[in-house]
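Here is the structure we will look at.
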Amino acid sequence: MSTESNKKRKPKVIRSDGAPPEGKRNRSEIDLEMKYYSEEAEVDIRDPNKDYDLYRFTCHELQRLMAEIQELKSRGSRDSASEIEERRIQSCVHFMTLKKLNRLAHIRLKKGRDQTHEAKQKVDAYHLQLQNLLYEVMHLQKEITKCLEFKSKHEEIELVSMEEFYREAPPEISKCEITMGDPHQQTLARLDWELEQRKRLAEKYKECLASKEKILKEIEVKKEYLSSLQPRLSSIMQASLPVQEYLFMPFDQAHKQYETARHLPPPLYVLFVQASAYGQACDKKLSVAIEGNVEEAKALYKPPEDSQDDESDSDAEEEQTTKRRRPTLGVQLDDKRKEMLKRHPLSVMLDLRCKDDSMLHLTFYYLMNLNIMTVKARVSTATEIVTPVSAGYVDLLSPDMILSCLYPGDHGKKTPNPANQYQFDKVGILTLSDYVLELGHPYLWVQKLGGLHFPKEQPQHTVTADNSLSASHMETTMKLLRTRLQARLALTKQFASLEHGIVPVSSECQRLFPAKIVSRLVKWVAIAYEDYMELPYTRDIVEAGLAEDTHLYYLALIERGTAKLQAAVVLNPGYSSIPPIFRLCLNWKGEKTSSNDDNIRAMESEVSVCYRELYGPRPGYQLLTNQLQRLCVVLDVYLETESHDTSVEGPKEFPQEKMCLRLVRGPSRMKPFKYNHPQGFFSHR
Amino acid sequence: MEVQRALERLHMTIFSQSVSPCGKFLAAGNNYGQIAIFSLSAALSSEAKEESKKPLVTFVAHDGPVYSLVSTDRHLLSAGDGEVKAWLWGEIIKKGCKEVWSRHPPYRSSLEVPEINALLLNPKENSLLLAGGDCQLHTMDLETGSFTLRGHTDYIHCLALRERSPEVLSGGEDGTVRLWDLRTGEEVQTIEVYRHEECARPQNGKWIGCLATDSDWMVCGGGPALTLWHLRSATPTTVFPLRAPQKHVTFYQDLVLTAAGNSCRVDVFTNLGYRAFSLSF
C-alpha cells in the first residue's frame, strides 16, 4: 500500500475549485495525460474499508517508531542517530500516508455530498410537478362540481305540467316528435310556451288596467252627482216640515232627537232608547225628550275611562292657575269637588201623564266622573192642589220626597256605586246626600233604568250600561211611578181634609162603617221621626224595624166626651200597598195602651192588621181615611161596652148604642170590634 | 209581604200551649188560628241556634183563635171557634197534616159560634170536658157521645179537675165557681167569689179567669183577687197580694204558681200567702 502511494504521488490537486469540473477535466484528459494524477478517480477505485485499515496501521506504526525514537534518544548513544534518522524518515513517510488518507476521506465526503445533492434536486423537481398536477386536479374538480351544480334560471320558472303542455301548446311550439325523445328540446319547448303565455297575459293585464281606470272615472262622476243631491234633499225636508206638523207625524222632530241622542253618554242613551221604546209600545202617555247643550256634549265626547284623565288634566290646570292666583286651599278643594260632581250637559226628560191630567216630570242626569245617574222630579197638576197649612206639614209632593223609597229601602241618599267612596275620600266629600238637592237623587232604580248595575261590595273598574237590565225594569218602574204620584195626590187631598177634622169617606166605603159614629177626629198633625221614637207606646214598632227615617209620622187625636184617644201613625212611602201602622194611647180613667189593655191591642189590630178590608175601591188610596174612620168606630165600641163599675156611683158615661151579640169573649175578654154589614151589629173576630 | 208578617207578629197573642207525650215537642196556638210546633229538644240543647227556636211547622188549624190545647198520649186536641179537632202527634210535624177528627159540641144559638175556652182531659173516663162561650160544660167521650151540664149564666173561662172525687170545677165570666159531679151531671156547689169582700175587686169586674184545685183546696182569681179557698167549707183562706188580674194558676207541690199575662213574671207563693219569689222572662 505505501509503495503504491509512493509511486503515484504527484502534485496535489486543489480540492476547493469544485470537484466536478476538475473531475470532468481529469476524465477528459485521462486518455491524453496519464501523467496527471487524479485522486478523484482514485477514490472510486479504492475501498474505504481498506483505507481505514491502512490508517490504523499507519497510526500504529507511527506510534511504534516514536516509541523507538524515544527509547533511542533516552539511551543517548551516538550510533543511534542514524537509526533515529531512519526512523524519522519512516515517520515522515507515515505522515504522508496519513495526509493522503485524509485527503481521500475529504474527497469521498465531497463526492457523497454532491451525489446526495443531485438526487435531492431531482426529487424536489418531481415533488414540484406532483404538486402542480394535484393542484390542477383539484381545480378541475371544482370546476366540474360547479358545472354540475349550475342551476339555470329556467328551472325557477314554474312550467305547466307535461300533460297540460302537450294539450295546450300549439304544435309549432310543442313539436312533439322531437321533444318527446329529447328532454333538452322538451324543456326548451316548454320554455317557449311559457314565454308565449306570459306575453299574452301581459297584454290582458294592460287591457284590464285601462278598463279599471275608466270605471274609476265613472264612479267619481256619479259620486259628485250624488253629493250634489244632498243639499237638495235637505231643502225638501225643510219644506216638508209644515206638512209633517199638519199631519201630526213629527218625523223630523224624532230624527232630531235621535241625532242629539247620539251624543248622550251610554247610560242616558240606554234610558232614552228603552223609555222611547216602552212609550211607543205600551204607554201612550209617556213622552221622552232630551235637553241640554249639544255643543258642550260634543266637545266633551270621550269614552268614560278617560274621565280620570279629565280630572288629572283639570288638576294640572288647577295647579298652574293656583301658582298664578294663589287661592286658598278651600277653594282648590271646592273646585276639585265641583269637578268630580260634574254633570253631563245633556239630560233626558220623561213626562208621565196620569188619568186626571196630573203629570210627573222626571229629569235624569248623568254624573260623568262618578258613573251614576240621578233624577230630579216635579209634579204638575191640572187643577190646583189644596195644600194643608198646618205647621210641620211635610209636602208629600215635594221634589225631595216624592220619589223616596219607590222600591223599599231605596232612599236615594247614598251613592250606589261603591267605587265612588274612594273618589270622595280624595276630595273630602263625606256623602252624596249633601248634594242631592242640587244634583238629584241617585236612586237604585234610576241606575237600573240606565242599565248600570253595581255589584255589592266589589267596586269594578268600569260598569257599562246594559240594555236588558233597563228593559226588564222599565215597566214596573213606570207603573210604580204612576201609582206613587196618584197616591201622593190622594194623600195630599186627604190631609187637607183631615186638618179640618173631617174624615173623608167616599160613598163606596160607607158600608164598612155603621151609620152613627160619635167619636170625632179633632187633630191631625205631622210629627218628626225623633218625636215618634220618643213616644212610649211606639217602642215595639221601632224595634220591629217598621219605623225608619224615610217614613212619615203623624199624630191623630180622636175624642168623645172625656175620652181622648191618641194615635201615632207611621206612613210608609210605599202607601198604599204598604199600609199605615197605628199605635194607640187612650186617656180615659187612666192611661191605657196595648201594653196594659188587651182591648187597645185589639183595636190596633183591627185597624193595622185587618187593613185589606179597608182599601176601598181600587187602587186603594183611601186606606188611611178608612182606617181613621174605623178607629172612631172601635173607640165608640170600646167606650160603650166598658163594663160598669158598680163601686162608683152614677150612670155610665157612654150608654151602649151599638148592637153587640156578646160583650166579652175568650180568655182575653175581648170587646166586639168587628162590624158586620148590612145587619149592622158588632161581633168578635 | 214582610210588613204584613211583621204586623201580624206584633199583634199576635199566644193563647195555648201543650207539650207532646214524648216531651220533645211543644205545640202553641195563637189568635190567628195557627198552631206552631216547636222542637223543645233542639231549642233547649246546647247547640241551639236561632233556627232551632223557630217552629218546625206552622199551619192554620181553625178559623178563629186557638184558645185551648191539650195532649193525650197520641193526639193533640185543639179547640177553636166552636169545634174541637184532633191531630196525630206522630204526623203533625209533616207538612200538610190534616186533622184526624173534628167535632162540634151542640150549640143553642147559631148566630154566633161560641168559642171554647177550656179543654180538660179526664183520663179515668177517657173523656174530654169542654167549656166556653155558650156558658155550658160539655163532656165528650173521646170515642163518641157527649152530654151537657148547664148552669153558668155567662161564659166559662176555665176548668179544673178534682181528682179524688170525680168532680169538675168551672169558673166563668159570671163570677162564680161551680162544682159539678161528673157521674150525675149535676151542679154540686156554687161559690160566688165576688160576693166575698176579702177578695172582691169590683173595679176589675167579677169574672174568674183562672182556677186550680188540689182536691181539698182551690185557688181562683181574675177580676177578684187571687184567693186560696178551702173547698169543704167554701171559705177563702188566703188572699194573695197581686194587683193585676191573674190569667193562669197552678198548684205545684206546696206552692202556688201564678201568671198575670200582662207582665213578664210568674209569681210563686207558698200556701200561707207570701210571695216566695218570682220567675221572670
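Points to keep in mind about this one:
- When A:Gln566 is tested against (1) open to solvent by 10 Å² or more (accessible area, probe 1.4 Å); (2) touching a residue at least 24 places away in the same chain (Cβ under 8 Å); (3) more than 14 Å from chain B (Cβ to nearest Cβ); (4) not in a loop (DSSP other than H, G, I, E, B), only condition (2) is not met.
- In the condition set (1) open to solvent by less than 40 Å² (accessible area, probe 1.4 Å); (2) more than 10 Å from every other protein chain (Cβ to nearest Cβ); (3) outside any loop (DSSP other than H, G, I, E, B), A:Gly680 is compliant with all but (3).
- Among the residues making up segment A:162-182, none is on the phi > 0 side of the Ramachandran plot and either open to solvent by less than 60 Å² (accessible area, probe 1.4 Å) or modelled with pLDDT of 85 or more (or both).
- Candidate set: segment A:119-157, residues that are assigned to a loop (DSSP other than H, G, I, E, B) and hydrophobic (A, V, I, L, M, F, W, C); chosen: the one farthest from the chain's Cα centre (by Cα): A:Phe150
- Annotation note: Cβ proximity below 6 Å between a residue of segment A:270-293 that is touching a residue at least 12 places away in the same chain (Cβ under 8 Å) and a residue that is small (Gly, Ala, Ser) and open to solvent by 40 Å² or more (accessible area, probe 1.4 Å) (sequence gap 6+ or interchain) occurs for A:Gln274/A:Ala471.
- Condition check for A:Pro231: within 26 Å of A:Ser347 (Cβ to Cβ) and assigned to a helix (DSSP H, G or I): no
- Leading residue by the ranking (nearest to the other protein chains (Cβ to nearest Cβ)) among those in segment B:207-222 that are open to solvent by 50 Å² or more (accessible area, probe 1.4 Å) and touching a Lys or Arg at 6+ places or on another chain (Cβ under 9 Å): B:Asp214
- Residue that is modelled with the highest pLDDT [pool: residues in segment A:244-258 that are open to solvent by 80 Å² or more (accessible area, probe 1.4 Å) and in a helix (DSSP H, G or I)]: A:Tyr258
- All positions within segment B:29-50 that are in contact with a Leu (Cβ under 6 Å, 6 or more places away or on another chain) and open to solvent by 10 Å² or more (accessible area, probe 1.4 Å): B:Phe38, B:Ser39, B:Leu40
- Among all positions in segment A:628-641, there is at least one residue which is assigned to a loop (DSSP other than H, G, I, E, B), modelled with pLDDT under 85 and within 26 Å of B:Glu8 (Cβ to Cβ).
- Test for A:Phe673: is it over 30 Å from A:Lys355 (Cβ atoms) and more than 10 Å from chain B (Cβ to nearest Cβ): yes
- Selection within segment B:26-54 - touching a residue at least 40 places away in the same chain (Cβ under 8 Å), within 21 Å of B:Glu115 (Cα to Cα) and more than 14 Å from chain A (Cβ to nearest Cβ): B:Ala27, B:Ala28, B:Ile35
Residue-wise test of (1) in the same structural domain as A:Thr464 (by the TED database); (2) under 44 Å from the mean Cα position of the chain (by Cα); (3) surrounded by 12 or more Cβ atoms within 10 Å (Cβ to Cβ); (4) within 24 Å of A:Gly451 (Cα to Cα).
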site: A:Leu201; (1), (2), (3), (4): no, no, no, no
site: A:Ser211; (1), (2), (3), (4): no, no, no, no
site: A:Lys223; (1), (2), (3), (4): no, yes, no, no
site: A:Ser227; (1), (2), (3), (4): no, yes, no, no
site: A:Ser234; (1), (2), (3), (4): no, yes, no, no
site: A:Leu271; (1), (2), (3), (4): yes, yes, yes, yes
site: A:Gln274; (1), (2), (3), (4): yes, yes, yes, yes
site: A:Ala281; (1), (2), (3), (4): yes, yes, no, yes
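- Looking only at residues in segment A:524-558 that are charged (D, E, K, R) and in a loop (DSSP other than H, G, I, E, B), the one that is farthest from the other protein chains (Cβ to nearest Cβ) is A:Asp549.
- Taking segment A:572-604 as the range and being part of a loop (DSSP other than H, G, I, E, B), at the interface with chain B (Cβ under 9 Å from one of its Cβ atoms) and under 24 Å from A:Arg618 (Cα atoms) as the test, the residues that pass are A:Asn572, A:Gly574, A:Ser577, A:Ile578, A:Pro579.
- Out of A:Asp356, A:Asp410, one residue alone is in contact (Cβ under 8 Å) with a residue 24 or more places away in the chain, within 30 Å of A:Pro455 (Cβ to Cβ) and in a loop (DSSP other than H, G, I, E, B). It is A:Asp410.
- Of the residues making up segment B:224-252, those that are out of contact with any helix residue (DSSP H, G or I) (no Cβ under 7 Å at 6 or more places or on another chain) and within 14 Å of another protein chain (Cβ to nearest Cβ) number 7.
- Residue tally, condition away from chain A (no Cβ under 14 Å) and crowded, with 19+ Cβ neighbours inside 10 Å, over segment B:3-25: 3
- Tally of residues being within 14 Å of chain A (Cβ to nearest Cβ) and open to solvent by 30 Å² or more (accessible area, probe 1.4 Å) across segment B:55-108: 4
- Subset of segment A:573-587 (residues that are more than 17 Å from B:Leu10 (Cα to Cα) and either in contact (Cβ under 8 Å) with a residue 40 or more places away in the chain or buried (at least 22 other Cβ atoms within 10 Å of the Cβ) (or both)): A:Pro573, A:Gly574, A:Tyr575, A:Ser576, A:Ser577, A:Leu586
- A single member of A:Leu101, A:Leu159, A:Leu191 is in contact (Cβ under 8 Å) with a residue 12 or more places away in the chain, in contact with a helix residue (DSSP H, G or I) (Cβ under 7 Å, 6 or more places away or on another chain) and either under 30 Å from A:Arg56 (Cα atoms) or loosely packed, with under 14 Cβ neighbours inside 10 Å (or both), and it is A:Leu101.
- Among the residues examined, A:Leu624 does not qualify as touching a strand residue (DSSP E or B) at 6+ places or on another chain (Cβ under 7 Å) and more than 14 Å from chain B (Cβ to nearest Cβ).
The values are calculated or read from the model by the stated rules, or taken from the named source; none is laboratory data. This is a predicted model, so every value here is computed, not measured. Glycine gets a Cβ as well: all are built from the backbone with ideal geometry, and neighbour counts include every protein chain shown. These accessible areas exclude ligands, DNA and RNA; they are computed on the full protein's heavy atoms, side chains included. Shrake-Rupley method; radii C 1.70, N 1.55, O 1.52, S 1.80 Å.
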